[in-house]
Protein chains: 2
Amino acid sequence: MARNVLTPPTRLLLGPGPSNPAPLVSAAMAAPLVGHLDPYFLQVMDETMADLRTVFGTANHHTIPMSGTGTAGLEAIMFNLLEPGDEAVVGVVGYFGQRLVELAQRAGARVRRIEAPLGEVIAPERVKEQLDRRPPNLVALVHAETSTGAHQPLDEIGKMVRDAGALFVVDCVTSLGGMPVDVDRRLIDAAGSCSQKCLGAPPGLGPVTFGPRAMAAVQGRRSKPATWYLDLQLLFQYWGESGGPRDRAFHHTAPVANLYGFREALRLTLEEGLDARYARHRAAHERLVDGLGALGLSLFTPEANRLPMLNVINIPEGVDDLTVRKRLLERGIEIGAGFGPLKGTAWRVGLMGTNATTEVVDRFVGELAAVLKTT
Amino acid sequence: MARNVLTPPTRLLLGPGPSNPAPLVSAAMAAPLVGHLDPYFLQVMDETMADLRTVFGTANHHTIPMSGTGTAGLEAIMFNLLEPGDEAVVGVVGYFGQRLVELAQRAGARVRRIEAPLGEVIAPERVKEQLDRRPPNLVALVHAETSTGAHQPLDEIGKMVRDAGALFVVDCVTSLGGMPVDVDRRLIDAAGSCSQKCLGAPPGLGPVTFGPRAMAAVQGRRSKPATWYLDLQLLFQYWGESGGPRDRAFHHTAPVANLYGFREALRLTLEEGLDARYARHRAAHERLVDGLGALGLSLFTPEANRLPMLNVINIPEGVDDLTVRKRLLERGIEIGAGFGPLKGTAWRVGLMGTNATTEVVDRFVGELAAVLKTT
């Protein structure tokens, strides 16, 4: 059957991502393509690596967007750093911690979980306990648990993990660009994020960074990783090794348009300034908490653990989840459903990238008030 | 350092892909994003699956673009269909056959290669010989070997492979949309392609199709595949099983903009009509062969084996490869270098998607003549 030209509706994207890209980012997605070995594109790659380092807070050479979504970036981390028989300790306070467990297991590792109730985070002592029990090859934590809105503190943990001789891996899918990740200061050995949340590009890329200790583990592997597409050593034959020959060996055809959009999103992020951007995300969150309070609504996540960019709201007694989300969508606003055990009892409201503004919050709170009044 | 707004140069992309997307495809890449669970997006997903089936020539329900480049699609095929200890027979007539070997090995399989010299293809008898020797789990061939310009005939092979109880896998990265792949007619159990060649979308998606025999192998696995990101059973919880519940469980955030562009590229492909599109690719190829002949240039690939969309041209004695490609690029035209053993002795000229026209061929031949005259 014949189809019409694609004409998507306009949405204010206040779910867990994607957020709405800035106009220049969207324009870059449609810019004229060049080949993946074009001198112009090699320059875009180098600029992207440099700006991504700044956003991650790292001097790591091995800092690139993987050619897949954030999940692919995290799979790349686990599959390159772990070998069959290795051991990983993973913090699980929601779905995305559980996903790290699954990825580590697929890479052949045995996994010890550290768990905490929904909304809570992992205390550093609990990591120490596991390190003392038996040092693993790798410790992984989720910086911003998108299923519960919880912010995992990282400050003391990097040193403990390093002292135990393990690698420290952080899932910063939801935090990067909206709050400090500070890879080098926090002694993080590898971190993975996404393009479509606080950085404000469309989904499709998985930015990752690998420090020298992580790369030493990659180079010292006993076996090839069980992935060819995400094999770091092959990928850096294309992206270029630091100081090494940059003959840009073909590995796969880079997603040129996505890289254009991502390069623009990084440029706009740094043009705004990281501190200003973090403050903007924080201010939008505070405005939301106040606005919700005025409506008599509360947040699920304990105040001490709250993320600015992902807000989990308790659905009031007697209010129907689906009806409210449907009516908001009719008014052009997407919010996220509760995830897993919170499905039906909570909403997830993302204030990410261009949407982390008081104007957006005011519009949302106003529309939510109107919808609640009529349901 | 502060960066300028991204302003890529305009290139006529006559390398091995990406090709130049049609204006409506580029526009779709920049269209307003919706969430990956938005009712509008679920409709785009269903339309994409339906149109992709038509292009592949299949009724297979399990037909989707994977969220990575063509390489990811092929990795998904090998990692879902093969288990450690399985055996695969792979035809190798160039780099991309060798890549299938590597992917099968990473999936844990033992591989028997069937090789032929560069420019040649695998005769069906040679596949039969291997099947008779010992039936493998899987036979994989490259339909269009992008490194040599060779077209692998497939017609008799599917039946042989099926009779031997093996799965027939085809890499149609370069052929899909430019010549018939005919998955069902040829008894192909799984095939993988890309978005950026004859289909004319930007790179970033790996369209794949899996038939009932392939899905039976997936469902009968002894172990989980060594990939979570590309795990078919998880992916179809999001894309929806045929006739089954379509609760669209979250697996990863779909690359919405890429799906928009790909949906438009499929729409334009079917609007043109597959037969008309194949004829256009064929006519452009013939025009190129004539034009090159008039310049005294010849093709590397024997006439009987030539692909229409990827032309490997012998570099004439005394002509410097790099100089010519650089001068063409200065005139706004990208062509590809020779690959592997053909580096420096051949060029690769892609006539794919919007670029498979006599007008484009005439422009290219004219510019090449001008460049050759002055070098």
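Values computed for the structure shown
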read-out	value
Members of the range A:115-168 found to be under 27 Å from A:S298 (Cβ atoms) and among the small types (G, A, S), listed by number	A:A116, A:G119, A:A123, A:A144, A:S147, A:G149, A:A150
Residue list for the range A:272-283, filter: assigned to a helix (DSSP H, G or I) and either of a type in the set (G, A, S) or at pLDDT below 95 (or both)	A:A276, A:A279, A:A283
Condition met for A:A140 (over 24 Å from A:M45 (Cβ atoms) and surrounded by 24 or more Cβ atoms within 10 Å (Cβ to Cβ))	yes
Criterion (modelled with pLDDT of 95 or more and surrounded by fewer than 21 Cβ atoms within 10 Å (Cβ to Cβ)) met by exactly one of A:L322, A:L307	A:L322
Conditions (1) part of a loop (DSSP other than H, G, I, E, B); (2) without any contact (Cβ under 8 Å) to a residue 24 or more places away in the chain; (3) closer than 20 Å to B:V170 by Cβ: number failed by B:A216	(1)
Enumeration of residues in the range A:48-82 that are touching a Pro at 6+ places or on another chain (Cβ under 8 Å), over 17 Å from A:A140 (Cβ atoms) and among the polar types (S, T, N, Q)	A:T48, A:N60, A:T63, A:S67, A:T69
Residue among A:L74, A:L81 that alone is closer than 22 Å to A:V181 by Cα and within 15 Å of the chain's Cα centre (by Cα)	A:L74
Odd one out for B:V324, checked against (1) outside the structural domain of B:V208 (by TED's automatic domain parsing); (2) under 26 Å from the mean Cα position of the chain (by Cα); (3) in contact (Cβ under 8 Å) with a residue 24 or more places away in the chain	(2)
Pick from the range B:350-359, criterion crowded, with 18+ Cβ neighbours inside 10 Å and in contact with a helix residue (DSSP H, G or I) (Cβ under 7 Å, 6 or more places away or on another chain), ranking: nearest to B:S175 (Cα to Cα)	B:L351
Selection count, the range B:236-271, where residues are part of a helix (DSSP H, G or I) and facing another protein chain (nearest Cβ under 9 Å)	11
Given (1) buried (at least 24 other Cβ atoms within 10 Å of the Cβ); (2) in contact with a strand residue (DSSP E or B) (Cβ under 7 Å, 6 or more places away or on another chain), number of the condition B:D38 does not satisfy	(1)
Verdict on B:G220 being more than 24 Å from A:P203 (Cα to Cα) and either more than 14 Å from chain A (Cβ to nearest Cβ) or surrounded by 24 or more Cβ atoms within 10 Å (Cβ to Cβ) (or both)	yes
Test: residue in the range B:111-118 that is buried (at least 24 other Cβ atoms within 10 Å of the Cβ) and either outside the structural domain of B:L187 (by TED's automatic domain parsing) or in contact with a Ser or Thr (Cβ under 9 Å, 6 or more places away or on another chain) (or both)	no
Residue list for the range B:8-19, filter: surrounded by 23 or more Cβ atoms within 10 Å (Cβ to Cβ) and on the phi < 0 side of the Ramachandran plot	B:L13, B:L14, B:G15, B:P16, B:P18, B:S19
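Listed here are the residues, each with its yes/no results for (1) more than 25 Å from B:R53 (Cα to Cα); (2) acidic (D, E); (3) assigned to a helix (DSSP H, G or I).
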{"site": "B:E120", "(1), (2), (3)": "yes, yes, no"}
{"site": "B:R126", "(1), (2), (3)": "yes, no, yes"}
{"site": "B:D155", "(1), (2), (3)": "no, yes, no"}
{"site": "B:S195", "(1), (2), (3)": "no, no, no"}
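The values are calculated or read from the model by the stated rules, or taken from the named source; none is laboratory data. Bear in mind that the values here come from a model prediction, so they are computed numbers and not experimental data. Positions of Cβ are generated from backbone atoms using ideal geometry, with glycine treated the same way; all protein chains shown enter the neighbour counts.
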